[in-house]
Amino acid sequence: MLKMAAPSELFCWKAGLGLPSVNTDCLIVLAYARFAGAPLKIHKISNPWRSPTGSLPALRTKDEGSCSQPSQIIIQLRKQKYNADYDLSAKEGADTLAFISLLEERLLPALIYALWIDPKNYVEVTRRWHGENMSFPLNFFLPGCMQNRQLERLRLIRGNSSLEAGEEAENELYHDALECLNLLSQRLGSNKFFFGDSPSSLDAYVFGRLAPLIKIRLPNCRLQQNLKNLDNLNTFCCNILSLYFPSESKEGVNRPMSSTQQGSEFDNEPYKRRKQLLSVLVAVAAMLSYALLTGIVAIEHMQEEEHVSPASLRGSSQDEEEEE
Amino acid sequence: MSLAAEAFVSQIAAAEPWPENATLYQPLKEDQILLSDSASSLAVQTFLRMCGLPVLVSCRANAEYMSPSGKVPFIHVGNQVVSELGPIVQFTKAKGHSLSDGLDDVQRAEMKAYMELVNNMLLTAELYIQWCDDHTATEISRPRYSSPYSWPLNHILAYQKQWEVRRKMNAIGWSGKSLEQVYEDVSQCCQALSQRLGTQPYFFSKQPTELDALVFGHLFTILTTQLTNDELAEKVKSYTNLLSFCHRIEQTYFKEHERESQSGSSRHSKGSLP
């Protein structure tokens, strides 16, 4: 059936850090769209204020407005007959709901902590990426705002209003997440996808939540070390990346190599020197102009008069000599 | 509980047997307790009965504040205080009583997942209906929640709780949902549970587990609690195997209790299933 109506538009965070999108909700929606074969017009942006709902991801349909939550976007796509869960039995549908709940309650808090709350990861990975990729002047204050929002969200999800970055919170969250990962690994077993040979919405959710933990290299995340031991989950993610996001996975392989293996310091050093020289020159120029405009101006004028007066004396003596 | 505290508690717990005077604390049953707390409390009571562990139920107006995590119910066993079903299950396991030992790894994964489903959808829906639906909040939740306190504390506490719950709904993305959508979610959740239960007596064939206790706690409370309208109960009633599941557990574990407590039905809750 040829669809004449214009396709819906999907606004996502752009690709980075080795993934088709740096945001976990966007990954879920992108994966589901690919699984269901939905022809969406995808806008990859780095400014959440440009999205129709003010946050990313966002789906804008012609008739039914916009929505932002991944679950709502998936429902919207299902209404348009793009349903990746079409072949699932009723029991598999029930299991889908249950395992998605497990992910949201156990794994998502740890993911939020690892990317946004842990100080080392936030400064070196998340804030750096957002600072480099968002437009001026948003990149100065928006990452900080986003971090506060994520901390608030984490506190409300866990029901612990005094949760702070620290070892206690880290241990608790990572313990729950590891249990969840083990349970997922046991459920997946050696299958390609969770239900049979074609992926469903549960696969989209698991991919969206797992891929950042597997692909983004975080300096301080014990969970990543434990995740490396769960081979079937690693294979699951890499499989989906290579099958459904082939172009992005090739780009992603190159980017982390250039930025981390060569060492970020070497890349930045020539720019660092240049910046230092420029700033020194600007400072010297500023000081000189300030001096010219206020104090030293007077001294220079006096020097000129002094030069003038001996010259006039000499001139008069020369005249006298000439006269003589 | 932090990991270190958990390990410590487990060690101490393992040392002593279950005492006779273990107590469960919850808010006042007739006047104060709300649907979500009542469901959680019933789930814990059912679990302990399934394990064959005796517990006395004590109703206190300040149960929420006594609890170590701020959530009810909590149990006082020996010299330890443990709140919420998850930690209580671990605590009883440390004492050597467990319902899920016979499950294999895949089944345990499913059990944990379905427990999270109930927490994520049913409990959140109950909280939403109680506190985010203006009609229910004004008629039932705020008056009941603040009934032990005098003016002006009752207004302050009630609004504070409502504000807290609304912020949580905002954080998890439920604030944009309408009441109809929430009922739809409840229906989906019940359908998933009904599918999983099928025609078996319990969720994992012959033996009940903590999942059965949790599901019973929530469904029984929904069915026997009168809110401003009956729509929530109707959603559950449309699944006959869930109804018979609740009947079965009520008959097996609460028959004696019902014979003992002959109190007439209160305005808020009825005594048994219709």
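Bear in mind these aren't lab numbers, they're just calculated from the coordinates by the rules spelled out. Model, not experiment: these values are computed from the prediction. Note: ideal-geometry Cβ built from the backbone for every residue, glycine included; neighbour counts use all protein chains shown.
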Original post:
So how do B:His247, A:His130, B:His97, B:His218 line up by other beta-carbon neighbours within 10 Å, fewest first?
Top reply: B:His247, B:His97, A:His130, B:His218
Subject >> Share antiparallel - DSSP beta bridges, the protein assembly as shown, percent rounded to 5 >> reply: 60
**OP:** Could you check the simple spin-label distance between B:Lys206 and B:Glu16, using points 7 Å along Cα→Cβ, in nm with one decimal?
**Re:** 3.6
Subject >> Cross-link partners of B:Lys237 among lysines (Cα-Cα below 25 Å; sequence separation of 8 or more within a chain) >> reply: A:Lys91, B:Lys29, B:Lys112, B:Lys177, B:Lys206, B:Lys255, B:Lys270
**OP:** Provide B:Asp31, B:Asp134, A:Asp95 in ascending order of the number of other Cβ atoms located within 10 Å of each residue's Cβ, fewest first.
**Re:** B:Asp134, B:Asp31, A:Asp95
**OP:** Under 4.7 Å Cβ to Cβ, no partner at all: give me those cysteines from the protein assembly as shown, in residue order.
**Re:** A:Cys67, A:Cys145, A:Cys180, A:Cys221, A:Cys237, A:Cys238, B:Cys51, B:Cys59, B:Cys132, B:Cys189, B:Cys190, B:Cys246
Original post:
Where the centroid of each part is defined by its Cα atoms, how far is region B:158-213 from region A:27-89 in Å?
Top reply: 24
Original post:
Based solely on its DSSP helices, what 222 nm [θ] is calculated for the protein assembly as shown when runs of n ≥ 4 H residues each add -39,500 (n - 2.57) and the sum is averaged over all residues, nearest 500 deg cm²/dmol?
Top reply: -18500 deg cm²/dmol
Original post:
Each residue of region A:179-193 in order: what ³J(HN,Hα) in whole Hz does its phi give by Karplus 6.51 cos²θ - 1.76 cosθ + 1.60, θ = phi - 60°, with x for Gly and Pro?
Top reply: 4, 4, 5, 4, 5, 5, 4, 5, 5, 6, x, 10, 6, 6, 10
**OP:** List the residues whose amide H sits under 5 Å from the amide H of B:Val57, counting only those 5 or more places along or on another chain, with H placed 1.01 Å from N in the peptide plane.
**Re:** B:Leu24
Original post:
For B:Thr209, which sequence-distant residues (separation of 5 or more, or a different chain) have an amide H within less than 5 Å of its own amide H, given hydrogens modelled in the peptide plane?
Top reply: B:Phe203, B:Phe204
Original post:
Ranked by Cβ crowding within 10 angstrom, fewest neighbours first, how are B:Thr136, A:Thr53, A:Thr235 ordered?
Top reply: A:Thr235, A:Thr53, B:Thr136
